[in-house]
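K.L.:
I'd like to ask you about the structure that follows.
Just so it is clear, none of the values below were taken in a lab; they were calculated from the coordinates. Since the structure is predicted, the reported quantities are computational estimates derived from the model, not experimental observations. As a convention, Cβ positions derive from the backbone with ideal geometry for all residues, glycine included, and neighbour counts pool all protein chains shown.
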Amino acid sequence: MRRRQPDAHPVRARSAALKDRAKKLKRDIPALFLALKDPKTPIRAKILAGVTVGYALSPIDLIPDFIPVLGYLDDVILLPALIALTVRAIPKEIWDQSRALAAEGGQNGKRTKWYFGVPVVLIWLALAWLIVKAVWL
């Protein structure tokens, strides 16, 4: 007699939950940026956001990345926790307004212009060309 398998595999369920969290985080980052630009946002939230961004961009981690598995633990747990703490420090009405603006596509309903990314693409292309030139030419 065969044992009946559960409908959802636990690893797949966790993977789906992580994907949902990542999508939500991707939607909330622009809203967080807009909320922090709002003059009514408390200074505590702005300080927490500065600490979060500083830690995310810092080459110094609590647990070095070269340690297998544990090295990325702070990136997987600490950064989302700091972001959640920052969001909680923002008043609900400001957060709701910022999420609505972010869903519309930017501040005051203006869509972000694609050509702001052109300099970044040009810099990457120039770096790629210099690498190719140094290696093969």
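K.L.:
Hey, which of these cross-link pairs are over 31 Å Cα-Cα: 24/46; 26/133; 24/133; 19/133?
P.N.:
In this structure, 26/133; 24/133; 19/133 exceed 31 Å between Cα atoms.
K.L.:
So which chymotrypsin sites (Phe, Trp or Tyr not before Pro) in segment 38-83 end up in coil per DSSP with only 14 or fewer other C-beta atoms within 10 Å?
P.N.:
Loop-located and lightly packed - 66.
K.L.:
OK, next. With a cut-off of at most 13 other beta carbons within 10 Å, and DSSP calling the residue loop, which trypsin sites (Lys or Arg not before Pro) in segment 23-60 qualify? Please list them.
P.N.:
Answer in residue order: 40.
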